[in-house]
Amino acid sequence: MNNPLKILDRYIIKKFLGTYAFAIMLILAIVVMFDINEKLDSFIKAPLMATVFDYFVNFLLYFANQFSPLFTFIAVIFFTSKLADNSEIIAMLSSGMSFRRLLRPYLLSAAVIAIFTYVLSAYLIPPANVKRIDYYNTYVKNKRVDYGTNIQMQVNKGEIAYMSRYDNYSKTGYNFSLESFKDKKLVSRLTARSIRWDSLYNWQVRDYMIRDFVGTREVIKHGNRLDTVIAMEPRDFLISKNDHETLTTPALKEYIDRQKQRGIANIKSFEIEYHRRYAMTAAAFILTVIGMSLSSRKVKGGMGINIGIGLVLSFSYILFTTVTSSFAISGSMSPIVAMWIPNVIYTIIALALYRRASIG
């Protein structure tokens with residue numbers, strides 16, 4: 001009895017992953033056609049090698065990973081409906097196999113997809129996104145943020161930096177000040193006409209004045225140029241729309257923690273991206289259970305009904321996630337709640353459908 005079950009597991013896993021890969025390739029082919037049509041003028045102007053390897057290769061990876069839950073759901077609905085329509089599932093259950101046991105190869109397949117999705121989103125796609133976004137900004141439409149005004153941030157404990165304007169093209173900030181506090185008392189203040197970023201935390205201060213407050217005395221120093229280390233970089237305050245997609249998960253967590261310590265408020269997109277990567281991994285299991293429970297029984301009207309219901313549920317999941325993300329960006333909801341609410345609700349739906357299918 002054990003050997004046929006192992007063969008059956010391999011059969012279902014092969015069908016699941018094969019249909020998943022086929023669905024991805026089919027939809028990606030359609031997406032590429034639409035994308036070429038939309039950006040044809042830009043692609044003609046850009047170098048061919050850059051278009052193929054810097055943009056399309058990375059774009060396809062990014063798109064496939066973003067919609068992995070949708071592809072998973074469609075794959076489960078499609079091949080399970082086909083099995084049910086051919087009475088194969090009825091034969092499996094009639095042989096004494098429980099519905100719970102039948103679900104096992106589905107969950108194993110979902111685990112493969114979940115691990116693959118997480119590794120891609122956490123470690124492989126972010127470096128690829130750097131090339132893709134740079135290509136888009138260079139040849140399609142520049143969405144980089146290269147200017148900032150009235151920038152204020154905590155660079156270290158008790159150290160507050162301010163500049164009235166920063167130009168990323170010249171790497172220069174203007175009307176800079178750095179105030180140091182100890183026990184809530186101002187102990188030093190550096191002011192400068194301009195400050196230029198060199199690399200990492202290395203800055204060059206020009207036309208500066210340093211005022212050190214020692215007791216009741218004030219010590220003043222002047223100078224034309226000073227090379228110094230200040231714990232900030234342009235990327236800490238010049239945040240572009242897609243910057244959160246270019247950081248690996250460990251780097252993303254480090255960036256979020258550092259920005260929170262500095263009092264930077266506009267990092268919602270980074271927090272959403274961080275929690276989305278984990279939520280999307282869990283979604284592979286949830287949507288697999290829903291898809292399998294929906295399509296495991298032969299229904300009147302054939303597999304078209306199941307596919308229709310599956311598409312409605314999968315698109316409603318994506319829509320729900322988009323809506324909750326909007327609430328998180330506006331500040332109406334915390335990012336972790338926004339990203340996990342769809343999973344919680346669809347887990348309840350999955351359990352209800354599983355219970356119904358297992359006793360049906």
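Among the residues that make up the range 261-274, is at least one of them in contact with a helix residue (DSSP H, G or I) (Cβ under 9 Å, 6 or more places away or on another chain), hydroxyl-bearing (Ser, Thr, Tyr) and either closer than 27 Å to VAL119 by Cα or in the same structural domain as GLY158 (by TED's automatic domain parsing) (or both)?
yes
For the range 35-49, which positions are within 30 Å of ILE307 (Cβ to Cβ) and more than 23 Å from the chain's Cα centre (by Cα)? Don't jump to the end; show me each part of the working.
Filtering the range 35-49 down to residues within 30 Å of ILE307 (Cβ to Cβ) leaves 35-38.
Within the range 35-49, ILE36, ASN37, GLU38 qualify.
Report the residue count in the range 36-60 for those that are surrounded by fewer than 17 Cβ atoms within 10 Å (Cβ to Cβ) and among the acidic types (Asp, Glu).
Residues meeting the conditions: 2.
Where in the range 222-339 are there helices (runs of 4 or more DSSP H), lying fully within it, with 1 or more residues that are touching a Lys or Arg at 6+ places or on another chain (Cβ under 9 Å) and of a type in the set (Gly, Ala, Ser)?
Passing ranges, in order: 268-295, 303-330.
What do you reckon, is ASN129 without any contact (Cβ under 8 Å) to a residue 40 or more places away in the chain, of a type outside the set (Asp, Glu) and either under 28 Å from ARG211 (Cα atoms) or outside any strand (DSSP E or B) (or both)? Let's see the steps before the verdict.
Values: without any contact (Cβ under 8 Å) to a residue 40 or more places away in the chain: no; of a type outside the set (Asp, Glu): yes; either under 28 Å from ARG211 (Cα atoms) or outside any strand (DSSP E or B) (or both): yes.
No, not satisfied.
Filter the range 123-165 for residues that are hydroxyl-bearing (Ser, Thr, Tyr) and within 17 Å of the chain's Cα centre (by Cα) and give the result. I'd like the intermediate steps shown before the answer.
Residues of the range 123-165 that are hydroxyl-bearing (Ser, Thr, Tyr), as a first pass: 123, 135-136, 138-139, 147, 149, 162, 164.
Within the range 123-165, TYR123 is the sole residue that qualifies.
Would you point out the residue of the range 281-303, among those that are over 13 Å from THR347 (Cα atoms) and modelled with pLDDT of 75 or more, that is surrounded by the fewest Cβ atoms within 10 Å (Cβ to Cβ)?
Selected residue: ARG297.
Answer yes or no: is there a residue in the range 345-360 that is among the charged types (D, E, K, R) and either part of a helix (DSSP H, G or I) or surrounded by 16 or more Cβ atoms within 10 Å (Cβ to Cβ) (or both).
Within the range 345-360, one or more residues are among the charged types (D, E, K, R) and either part of a helix (DSSP H, G or I) or surrounded by 16 or more Cβ atoms within 10 Å (Cβ to Cβ) (or both).
Give just the number: which of (1) at pLDDT 90 or above; (2) among the polar types (S, T, N, Q); (3) surrounded by 16 or more Cβ atoms within 10 Å (Cβ to Cβ) does ASN306 not satisfy?
All conditions pass for ASN306, except number (1).
The values are calculated or read from the model by the stated rules, or taken from the named source; none is laboratory data. These figures come from a predicted structure and were not determined experimentally. Reconstructed Cβ throughout: ideal geometry from the backbone, glycine too, with neighbour counts over all protein chains shown.
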